[in-house]
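Step one of this worksheet: look at the structure below.
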């Protein structure tokens, strides 16, 4: 018997289609000076393209189709890597002296950002995120993370318990 067999089936949430407004608000938050990926398309270009309503509708249609089909096109999976030396290192002979950056296609990044915004909204609105979530969400700060974690650890020590933490990044 698999542990997953014990999980009760829950009704799935409805995923409403993406809107033009969601893409417009997301793309205008993107920095025009970001390095572009293998597609060589900049945010500045996308900001100009979405001013044409037909182009914007096509981009939204691509995103909705990806979700409806449950398919992420191969073009979106392509990436390139660049390696940047970390400043003030005595020697650049070791891998830890460098910082790799993965560059994705711009349209893929845009769709991913819109999905991330929606997941964040749904997570908060359905009370999936604990009130003491420690950062990464809109209007939440990471100030006091150390104090909160130390409090949790000490509270468990008093009860002869161990504390585990799980941190993840949805981006």
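Compared with the direct C-alpha span, the chain from residue 29 to residue 99 gains 22.7 nm at full extension, assuming 0.36 nm per residue. Each of the peptides 81-92, 16-27 was scored by the mean count of other Cβ atoms within 10 Å over its residues; in descending order, highest first, they stand as 16-27, 81-92. Label sites at residue 72 and residue 86, each approximated as a point 7 angstrom past Cα along Cα to Cβ, lie 2.7 nm apart.
What shape does segment 15-128 take by its C-alpha gyration tensor, where a ≥ b ≥ c are the square roots of the eigenvalues and a/c under 1.5 counts as rounded, a/b above b/c as prolate, and the rest as oblate? Taking the square roots of the gyration eigenvalues as a ≥ b ≥ c, segment 15-128 is prolate. Distance between Cα centroids, segment 71-115 to segment 16-42: provide it in whole Å. Centre-to-centre distance over Cα atoms comes out at 17 Å.
Readers should treat all values here as calculations from the given coordinates under stated rules, not as data from a laboratory. Fair warning: this is a prediction, and the values are worked out from it, not measured in the lab. Quick reminder, even Gly has a Cβ in these numbers, built from the backbone with ideal geometry, and neighbours come from all protein chains shown.
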